[in-house]
1. One residue is enough: does region 160-179 have a residue meeting the conditions closer than 21 Å to LEU111 by Cα, in contact with a Pro (Cβ under 8 Å, 6 or more places away or on another chain) and touching a residue at least 12 places away in the same chain (Cβ under 8 Å)?
2. Tally time: how many residues in region 191-240 are outside any loop (DSSP other than H, G, I, E, B) and either of a type in the set (Asp, Glu) or more than 17 Å from ASN58 (Cβ to Cβ) (or both)?
3. For the structure I just gave you, tell me whether HIS203 is under 30 Å from PRO136 (Cα atoms), in contact with a Lys or Arg (Cβ under 8 Å, 6 or more places away or on another chain) and surrounded by fewer than 17 Cβ atoms within 10 Å (Cβ to Cβ).
4. Out of region 230-259, which residues are surrounded by 16 or more Cβ atoms within 10 Å (Cβ to Cβ) and of a type outside the set (A, V, I, L, M, F, W, C)?
5. Name the pairs: first residue in region 1-26 and at pLDDT below 65, second residue in a helix (DSSP H, G or I) and of a type outside the set (Phe, Trp, Tyr), Cβ to Cβ under 8 Å, at least 6 apart or on different chains?
6. It is to be established whether one or more residues within region 38-57 are surrounded by 13 or more Cβ atoms within 10 Å (Cβ to Cβ), modelled with pLDDT under 80 and not in a loop (DSSP other than H, G, I, E, B).
7. I need the full set of residues from region 153-189 which are modelled with pLDDT under 85, part of a helix (DSSP H, G or I) and in contact with a Phe, Trp or Tyr (Cβ under 9 Å, 6 or more places away or on another chain), in order please.
8. Quick check on this structure: which one of VAL183, VAL124, VAL147 is over 24 Å from VAL227 (Cβ atoms) and either under 18 Å from the mean Cα position of the chain (by Cα) or of a type in the set (Val, Ile, Thr) (or both)?
Amino acid sequence: MSMAYALTDSRVMVTRCVRRSLRDPEAFFTALMLPVVLMLLFVYVFGGAFNAGGTYANYVVPGLIVLCAGFGAGTTAVAVATDMSNGIVDRFRSMPISGSLVLVGHVVASLARNLVATALVIGVGLAVGWRPTAGPAGWAGAAAMIVFFVLALSWLAAAVGLLAGSVEAANSFTFVLMFLPYVSTAFVPAQTLPGWMRGFAEHQPFTPIVETMRGLWMGHTSTGAAVGHEAWIACAWCAGILAVSFAAASWLFRHRTAA
């Protein structure tokens, strides 16, 4: 397949997945409204009880972005599992296109949905008192971190969707990804957690990702570590997740579609 045909087919698959999202208004608006509801809930209902060393809105925005990315990845896992169970992939394989581009379409559509949700989180955060101090370089670095993280998480979701035996099993992936950010520094500093939980919070992938975005936007991290140190750890986690997930998704797709 030539590069021109591959790009054209990829564009078609991405368009298909985006249109599919728009045709499921319940899931689409849930993905968009969830960040708003969580932002208002954490800032106005729980925020007064948390001592994060400043305005809670300034602390919580990166954590909500990570949480919503986890929810979006769960949606991607369900969409991939649905495609694998309803026979559409077999129809694509009968056409002169690469069936694996179905995964590319889901991943790019997931990235697009998450970027829209992220923009909404940022907009609502600014409305409720979030005041980042970053310059253009800090914003660019935070945006790159978000894209890298969502891309890795989307390929992980694609692999889970292929591995799941049913749509219901893939849907459970959402709950796992939405739970992990709570046991990190996304919503409270690690030093406020019990000792046995603090070790897990400090050494799981969501914490350095959250701290990198927090450091780039606010100029400091909640762990006291340098922003560059957290960024290297976050990039290592994202690169590892992306590499393993891409390889696993590719192998699983070939295995499940083998004639």
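1. no
2. So the answer is 27.
3. Here the answer is no, as HIS203 does not meet what is asked.
4. Residues satisfying the conditions are GLU230, SER245, SER250, THR257.
5. Close Cβ pairs satisfying both conditions: MET1/ASP9; ALA6/LEU101.
6. Within region 38-57, one or more residues are surrounded by 13 or more Cβ atoms within 10 Å (Cβ to Cβ), modelled with pLDDT under 80 and not in a loop (DSSP other than H, G, I, E, B).
7. Those that are modelled with pLDDT under 85, part of a helix (DSSP H, G or I) and in contact with a Phe, Trp or Tyr (Cβ under 9 Å, 6 or more places away or on another chain): THR174, LEU177, MET178.
8. Going through VAL183, VAL124, VAL147 in turn, just one is over 24 Å from VAL227 (Cβ atoms) and either under 18 Å from the mean Cα position of the chain (by Cα) or of a type in the set (Val, Ile, Thr) (or both): VAL124.
The values are calculated or read from the model by the stated rules, or taken from the named source; none is laboratory data. Everything quoted here is computed from the prediction, not taken from an experiment. Quick reminder, even Gly has a Cβ in these numbers, built from the backbone with ideal geometry, and neighbours come from all protein chains shown.
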